[in-house]
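Peer 1: Once you've had a glance at the structure underneath, I'll fire off some questions.
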Amino acid sequence: MNQFEKDSSNLITLAENICQWCISFQKTLPERRVAITDNPSPPKQPLEENGLGSEAAFLDFVQNISGNLSASAGPRYLGLVTGGTTPAAMLADWITSATDQNVCLPGDSIATAVEVQALSWLRQLFQINETFQGTLTSGATAANILGTLCGRQFAGEQQGIDIAADGLQGVEIEVFSASPHASTLKALSLVGLGRKQLIQVPCLPDSEAMDVTALAVLLKKSRCRGKIVIASAGTVTGTDFDDIEAIAELTQTHNAWLHVDGAFGLFSRLLPEQRSLTNGINLADSITTDGHKWLNVSYDCGIFFTRHPELLSDVCGVTASYLDVDSHLPSYINMGIENSRRFRALPVWMTLKAYGRSGYTELVKNNCEQAKALAEWLSQSKDYELLCPCKLNVVVFKPKSLHNIDINNVLTRINDSGQVYVTPGKWQGEGAIRAAFCNWQTTMEDVGIVCSTLNNIFETTETNGN
Ligand SMILES: *Cc1c(COP(=O)(O)O)cnc(C)c1O
């Protein structure tokens, strides 16, 4: 028997062991060190000449790797905007790996139909019109790239040029945005429009939201024949929302493409009292949101919607004789960056089936309440200053200047505590610490632990005499 066959014959025992380990990892997330901050390097081992088999490989993983994993799926990882994985999503992701479907073309499996269904449920969850079609992506970055590509194709059409076919020569395109996410700048680089070519629209005072009057002036002044506006539905620091309805009116008047990045902010649509933040969302030409953030499915999963699926297939279409299938279902190969792609839809399908609209509404509501509680504590604190009001799930703060202590030093100490993980940010040009709540496991008790960790930073500083 070779090693593949040996593993295969021992699969149940192996799978049971690994399943046990995974469950215990999940269950102990609240007690684990939240982040491994000393940059572990991989154990130096040469490539195995003759494989050891999965049992020995798993043992090696347990001994040399597992202890240095973060608890980013756990309740107090507040860095970036990081989702956990719901039980249903985690289990479905195992099935995705085990069944190993390639969702590139319909015609050989139900997998494409499941993605169609999952996207339809997502439209219902977000109250997005059925006229939008979409695709699951590897993340919001990939979805922003697709939005930029569709906008670019649209802008070309306005000038009688099919960019997908003929390239960018002779095309004029201007891109406008106020507080684009870093991934939007990456998208501009990737699609050949150039990061530095972005036309910066001013923000409203004390906000990261677009000054729409300023956009109106810029669009009116522009002589460019192709225009794309990239709006934010939830900026990563201030969680500010551009006025999509007002922007859409302008993009219609000026024949511009409107892409909305709602990577996590789109989930505010689950809360009736927040829904007006995204008024006009159905007027967007394309929309980004994330699965691995507030939907809490395992990495990686993003979501892209557009009202112009024909433009998406102009850009992403692949032609080859072996790709001709006769089906009423979409060929996702023609709707995204990848040709071959995993059965990413199953975790989305299963988690929505398992928890439904009310489960997700509660998740989003709880995280927002937790963020508010932390913000409230900070605003009363003698050591910290809340830098902007908490509007959704992100809290922005810094140590009070009386401590005369470098913000990065405080950030490092917070993260080295192993109790909580936060990441740096900028608010109105000033250094800040961000804490983003985005996990189904987080409770008010966790907020308490975060507060006492923050408290301890200055207790220890004072006893140390610095
Ligand atoms: C996280 C985020 C992105 C990038 O998302 P990935 O899933 O990491 O690719 C884009 N835009 C916004 C607003 C985000 O919060």
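The values are calculated or read from the model by the stated rules, or taken from the named source; none is laboratory data. Everything numeric in this text was worked out from a predicted model, so none of it was measured. Neighbour counts are summed over all protein chains in view; Cβ atoms, including those assigned to glycine, are modelled from backbone coordinates with ideal geometry. Quick note on the areas: whole protein, heavy atoms, side chains included, nothing else; ligands and nucleic acids left out. Shrake-Rupley method; radii C 1.70, N 1.55, O 1.52, S 1.80 Å.
Peer 1: Please list Asp166, Asp416 in order of solvent-accessible area, largest first, computed with a 1.4 Å probe with all protein chains present.
Peer 2: Accessible-area ranking of Asp166, Asp416, largest first: Asp166, Asp416.
Peer 1: Report for the chain the percent antiparallel among DSSP-assigned beta bridges with both residues inside it, nearest 5.
Peer 2: Antiparallel bridges: around 60 percent, rounded to the nearest 5.
Peer 1: Could you give me the ³J(HN,Hα) list for region 390-395, computed from phi with Karplus coefficients 6.51, -1.76, 1.60 and θ = phi - 60°, whole Hz, x at Gly and Pro?
Peer 2: 7, 9, 9, 10, 10, 10
Peer 1: Taking amide H positions as placed in the peptide plane 1.01 Å from N, state which residues far from Gly425 in sequence (5 or more) or on other chains have amide H under 5 Å from it.
Peer 2: Ala432, Ile433, Arg434
Peer 1: Length gain on complete extension for the stretch Gln63 to Leu271, per 0.36 nm per residue less the alpha carbon to alpha carbon distance?
Peer 2: Net length gain for the segment: 70.5 nm.
Peer 1: What nm value, rounded to one decimal, do you get for the distance between Leu80 and Asn255 when each label is placed 7 Å out toward the C-beta?
Peer 2: My value for the distance between the label points is 4.0 nm.
Peer 1: A further question follows. Once you keep just the Cα pairs under 8 angstrom separated by 6 or more residues, what percentage relative contact order results for region 1-149?
Peer 2: Dividing the mean separation by the residue count of region 1-149 yields 19 percent.
Peer 1: Just the accessible area for Asp206, please: 1.4 Å probe, Å², rounded to the nearest 10?
Peer 2: 120
Peer 1: Please compute the length gained on full extension between Ala164 and Glu55, using 0.36 nm multiplied by the number of residues separating them and subtracting their Cα-Cα distance.
Peer 2: Here the answer is 34.4 nm.
Peer 1: Also, I was wondering about something else. Each residue of region 227-239 in order: what ³J(HN,Hα) in whole Hz does its phi give by Karplus 6.51 cos²θ - 1.76 cosθ + 1.60, θ = phi - 60°, with x for Gly and Pro?
Peer 2: Those phi angles translate into 9, 10, 10, 10, 9, 10, 10, x, 7, 6, 9, x, 6 Hz.
Peer 1: Taking 56 Å as R0, compute the FRET efficiency from the Cβ-Cβ separation of Lys365 and Met1 and round it to 0.05.
Peer 2: E(calc), rounded to 0.05, equals 0.55.
Peer 1: Okay, next question. By the scheme Lys and Arg +1, Asp and Glu -1, what is the net charge of all other residues having a beta-carbon under 14 Å from that of Asn408?
Peer 2: After counting each charged neighbour, the total is +1.
Peer 1: Taking 31 Å as the cut-off for C-alpha to C-alpha distance, list the pairs among Lys227/Lys353; Lys221/Lys398; Lys227/Lys372; Lys196/Lys400; Lys221/Lys391; Lys186/Lys391 that go past it.
Peer 2: Cα-Cα > 31 Å for Lys227/Lys353; Lys221/Lys398; Lys227/Lys372; Lys196/Lys400; Lys221/Lys391; rest within.
Peer 1: I've got another one for you. Where the centre of each part is set by its Cα atoms, how far does region 85-156 sit from region 256-309, in angstrom?
Peer 2: Computed from Cα coordinates, the inter-centre distance equals 13 Å.
Peer 1: For region 432-455 and region 25-68, what is the separation of their Cα centres, given in Å?
Peer 2: 27
Peer 1: Can you give the accessible area of Asp93, probe radius 1.4 Å, in Å² rounded to 10?
Peer 2: Using a 1.4 Å probe on the heavy atoms, I get roughly 30 Å².
Peer 1: Place +1 on the Cβ of every Lys and Arg and -1 on the Cβ of every Asp and Glu in the chain, take the dipole about the Cα centre, and give the residue among Trp94, Asn144, Leu14 whose Cα lies farthest towards its positive end.
Peer 2: Toward the positive end, the furthest listed residue is Asn144.
Peer 1: Right, something else. Taking all protein chains as present, what is the carbon and sulfur share of the accessible area of region 272-383, in % to the nearest whole number, probe 1.4 Å?
Peer 2: Looking at region 272-383 in its full context, I get 50 percent from C and S.
Peer 1: For Thr442, Thr412, what's the largest-to-smallest order of accessible area, 1.4 Å probe?
Peer 2: I get Thr412, Thr442, largest accessible area first.
Peer 1: With the other protein chains left in place, how much accessible area per residue, in square angstrom, belongs to region 94-248 at a 1.4 angstrom probe?
Peer 2: Ligands and nucleic acids excluded, the result is 41 Å² per residue.
Peer 1: Within region 292-316, whose backbone N sits under 12 Å from a point 7 Å along Cα→Cβ of Ser189?
Peer 2: So the set is empty, nothing qualifies.
Peer 1: Tell me the net charge near Lys221. Cut-off is 13 Å between Cβ atoms, Lys221 excluded, with +1 for each Lys or Arg and -1 for each Asp or Glu.
Peer 2: +2
Peer 1: Given the protein chains as shown and a 1.4 Å probe, how many square angstrom of Glu55 are accessible, to the nearest 10?
Peer 2: The value for Glu55 is about 110 Å².
Peer 1: Residue by residue through region 28-45, what is 3J(HN,Hα) from phi via Karplus (6.51 cos²θ - 1.76 cosθ + 1.60, θ = phi - 60°)? Round to whole Hz and write x for glycine and proline.
Peer 2: With the stated coefficients, region 28-45 comes to 9, 3, x, 9, 6, 4, 5, 9, 9, 9, 9, 6, x, 9, x, x, 7, 9 Hz.
Peer 1: Scan the chain and note any complete DSSP helix (H) whose C-alpha atoms cover at least 20 Å along its axis and whose Kyte-Doolittle average is 0.5 or more.
Peer 2: 11-27, 111-126
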